[in-house]
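Only one structure is covered here, and it is reproduced in the block below.
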Amino acid sequence: MNVEFSDITFENRRRTAQELTEIATEIRRDIMKMLVLAKSGHSGGPLGASDIFAALYMGGVMRHHKDNPHWSGRDRFVLSAGHMCPVQYAAMANAGFFPKQELSTLRQYNTRLQGHPGRDMGLPGIETSSGSLGQGISIAVGMAMSDKLLDKTDHRVFSLTGDGELQEGSVWEAAMSAAHFGLDNFCWIIDNNDCQIDGRIREVMNVYPIDKKCEAFGFETIVIDGHNFEEIMGAFDKFIENNQKGTGKPTAIIAKTYMGRGVSFMEDNFKWHGNPPNEQQAEQALEELV
Amino acid sequence: MEEYTLLGSKPTRHGFGEALVVLGERNENIVVLGGDITGSVMTSLFKDKFPDRFFSIGIAEQNATTIAAGLALSGKVPFFASYGAFCALRNADQIRISCCYNEANVKIGGGHAGISVGPDGATHQVLEEVAYLRTLPHMTMLVPCDYLEAKKATIAMGEMVGPAYIRFGRSPVPLYTTETTPFEIGKALVLREGNDVALIACGALVWEAMLAAQELAKKGIQARVINNPSIKPFDVETTVTAARDCGAIVTAEEHQVHGGLGGAVAEVTAKNSPVPIEFVGVKDSFGGSGDPDELMIKFGLTWKEIYASALKAMERRDKGSVGFRRVKDVEQYIG
Ligand SMILES: Cc1ncc(C[n+]2csc(CCOP(=O)(O)OP(=O)(O)O)c2C)c(N)n1
């Protein structure tokens with residue numbers, strides 16, 4: 001299969017829902033191309049979270065400099081669900097952090113695009129290694145503590161976990177401490193696609209109700225349709241507003257998404273958690289993603 | 001002595017999964033705990049056959065390990081399996097206190113071990129757990145070499161009493177043991193006789209050691225190949241005999257060179273019969289993404305390194321390397 005990556009990139013600014021939809025489609029196309037080339041990797045979660053990543057990296061939500069990824073004034077993003085890295089790589093490439101052509105190296109020997117993020121490989125914009133579920137969110141809390149309590153900056157820290165990932169007890173230890181330390185600069189995004197490897201969340205190990213748990217843990221809790229840009233932007237705006245007001249409460253955004261969003265035969269099907277499309281499936285996916 | 005020839009290839013995880021079903025049939029106290037990857041670590045076979053004795057715990061390795069301890073202290077024989085990265089080290093304290101200190105009859109299966117996991121990368125390529133687990137009092141730690149040995153080892157650990165851990169892999173590996181090949185916890189097995197150098201290996205590296213021995217034989221060097229699946233309890237006698245007979249050892253494992261099988265061999269020989277040892281394994285680095293076979297080559301885990309290391313160990317022996325004399329004798333030389 002002949003796979004080409006466009007060299008269009010998108011600057012990071014406030015955008016309309018229409019513009020963000022187009023960017024998210026480009027991210028989804030890149031994910032399918034990367035995975036068909038890699039012949040392994042996770043399709044479902046990344047496709048489902050593409051809208052959120054379009055907003056974060058190119059909708060003006062996070063402050064970052066693509067040419068200076070270590071810019072000290074940046075907001076930080078920690079992917080706690082490390083297996084979902086194809087969507088982060090695709091979003092960062094579309095935001096101009098590194099050449100899009102490099103997406104073709106996913107999961108190959110010596111690539112900067114490791115199967116799970118490896119900080120040692122030096123990909124611009126990757127703040128931490130991750131892949132062992134339930135750790136990233138604690139790292140994010142540590143960063144938010146450093147920013148708010150020690151350096152007293154206005155930096156914000158975002159972290160995304162899956163919903164199966166919520167079964168790791170350490171996630172709730174992180175949540176407890178985010179509220180305890182009054183980290184209104186911390187935004188926890190939960191990708192609530194109701195799928196994990198062995199099946200539906202309630203069948204594998206029930207973590208519901210998630211919203212009530214987050215509230216009880218002291219979070220400003222916002223439940224949104226994770227494919228609706230008005231709701232996505234509204235939730236991030238609310239987080240930023242709360243941070244500016246200094247409410248002393250961290251924010252949890254529970255984004256209801258569909259695993260495999262945008263590709264008919266993958267949508268809402270947990271069997272697509274960890275598989276790549278074959279060539280024929282990738283061709284069909286790319287036909288659908290326009 | 002049995003002649004070992006290549007019979008095919010199959011992942012060791014299949015042996016683990018199939019053995020759980022055998023154990024389930026023999027003993028109704030066998031229960032299995034799932035950690036959301038039941039297909040990859042093959043506990044799904046048990047789940048399908050004995051749904052009432054299977055419990056999905058979700059992605060919560062620490063909880064699963066301690067729940068297993070509770071089940072064990074109530075007379076059950078619980079197996080918990082996940083990727084070795086998450087069910088040996090993430091839950092290290094739970095294993096130490098709740099399983100080992102309690103002498104609870106908990107069995108853990110650590111899958112997708114080693115660099116041969118491939119494209120998933122360093123986070124999933126556990127290379128340190130043998131070193132940790134073999135230091136735990138009461139623990140039994142097994143690293144089978146092929147599919148059939150994995151099956152026998154799993155059955156053996158299900159039928160013994162006490163905490164035990166078995167390491168297995170994702171990718172297909174050569175199959176060469178047979179139904180009649182002996183397996184016993186605490187015993188190493190000589191697969192090939194020789195007195196020139198001893199190659200002691202576990203897991204996927206055992207077959208590589210056999211290949212290295214074949215190449216060495218072409219040079220007239222007869223290597224003794226020892227399969228050592230029982231890291232703990234450790235077969236002191238077979239190792240010390242090899243050290244005395246051969247005077248030079250190579251260890252080989254899909255693990256860090258520090259603290260694993262090589263460490264165990266070094267401890268035992270240092271105490272009983274010191275000889276030069278060369279260590280084949282991952283050299284104090286993390287893994288990375290790539291194709292499994294490619295990674296085994298890049299990280300120096302093939303017969304070629306074992307071969308070169310054998311020559312080196314023999315050379316050190318033959319040159320009477322200073323490190324193996326008494327200080328008193330050395331001082332005489334220096335004057
Ligand atoms: C500590 C740990 N345990 C197990 C795994 C294996 N694993 C990777 S992804 C995954 C399922 C994650 O489910 P969810 O958070 O819902 O993500 P999604 O399926 O939506 O992508 C599991 C069990 C892991 N990476 N880390």
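The values are calculated or read from the model by the stated rules, or taken from the named source; none is laboratory data. Please read these numbers as outputs of a predicted model, since none were measured by experiment. Don't worry about glycine lacking a Cβ; one is built from the backbone with ideal geometry, like all the others, and counts go over all protein chains shown. The area values use the complete protein model at the heavy-atom level, side chains included, leaving out ligands, DNA and RNA. Shrake-Rupley method; radii C 1.70, N 1.55, O 1.52, S 1.80 Å.
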Practice item. Run the quick spin-label model on B:SER74 and A:ASP268: label points 7 Å from Cα toward the beta carbon, then report their separation in nm to one decimal. Key: 3.7
Practice item. Just list whichever of B:LYS151/B:LYS283; B:LYS151/B:LYS187; A:LYS33/A:LYS256; A:LYS66/A:LYS238; A:LYS212/A:LYS249; B:LYS107/B:LYS283 have alpha carbons separated by over 22 Å in the model shown. Key: B:LYS151/B:LYS283; A:LYS33/A:LYS256; A:LYS66/A:LYS238; B:LYS107/B:LYS283
Check your understanding: Once Rh is set to the Kirkwood radius over Cα pairs, what Stokes-Einstein translational diffusion coefficient, in µm²/s, holds for the range A:17-288 at a temperature of 20 °C and a viscosity of 1.002 mPa s?
Key -> 117
Check your understanding: Taking the DSSP beta bridges in the protein assembly as shown as the whole, what percent of them are antiparallel, to the nearest 5?
Key -> 15
Study note, to complete from the structure: On complex formation of A with B, accessible surface lost, both sides summed, probe 1.4 Å, nearest 100 Å², amounts to 1900
Review point. Could you state the per residue volume, in Å³, of the convex hull enclosing the Cα atoms of chain B?
Key: 130
Practice item. Once you've got the GNM for chain B with C-alpha springs shorter than 10 Å, pick whichever of B:LEU301, B:LEU211, B:LEU142 has the biggest mean-square fluctuation. Key: B:LEU211
Revision key, fill the gap. quick note, chain A, DSSP beta bridge pairs, % antiparallel (nearest 5) is 10
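Consider all pairwise Cα distances in the range B:28-146 and report the whole-number % of them above 24 Å. Display every interim value, and only then the final one.
Values: 1532 of 7021 pairs.
Of all Cα-Cα distances in the range B:28-146, 22 percent exceed 24 Å.
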Review point. Who wins for biggest fluctuation among B:ILE95, B:ILE231, B:ILE221 in a Gaussian network model of chain B, springs between alpha carbons below 10 Å?
Key: B:ILE221
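Could you do me a favour and compute the accessible area per residue for the protein assembly as shown, 1.4 Å probe, result in Å²? All intermediate terms of the calculation are to be shown ahead of the outcome.
Details: 23990 Å² over 625 residues.
For the protein assembly as shown, the solvent-accessible area averages 38 Å² per residue.
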Review point. Once you put a point 7 Å from the Cα of A:THR247 and another 7 Å from the Cα of B:LYS10, both along the Cβ direction, what distance in nm separates them?
Key: 5.8
Review point. Which number comes out as Rg/Rh for the range A:8-61 once both Rg and the Kirkwood Rh are worked out on C-alpha atoms?
Key: 1.01
Practice item. Report, to the nearest whole %, how much of the accessible area of the range B:8-175 belongs to carbon and sulfur atoms, 1.4 Å probe, protein only. Key: 53
Exercise for review: State, as an integer percentage, the relative contact order of chain A based on alpha-carbon contacts under 8 Å between residues 6 or more apart.
Suggested key: 23
Check your understanding: How long is the range A:113-200 along each principal axis, judged by its Cα atoms, biggest number first, in Å?
Key -> 43, 31, 17
Review point. If you put +1 on each Lys and Arg Cβ and -1 on each Asp and Glu Cβ, how big is the dipole of chain B around its Cα centre, in Debye rounded to 20?
Key: 460
Study note, to complete from the structure: Counting only protein heavy atoms with a 1.4 Å probe and every protein chain in place, the carbon and sulfur fraction of the accessible surface of chain A in whole percent equals 48
Review point. If you wrap a convex hull around the Cα atoms of the protein assembly as shown, how much volume per residue is inside, in Å³?
Key: 176
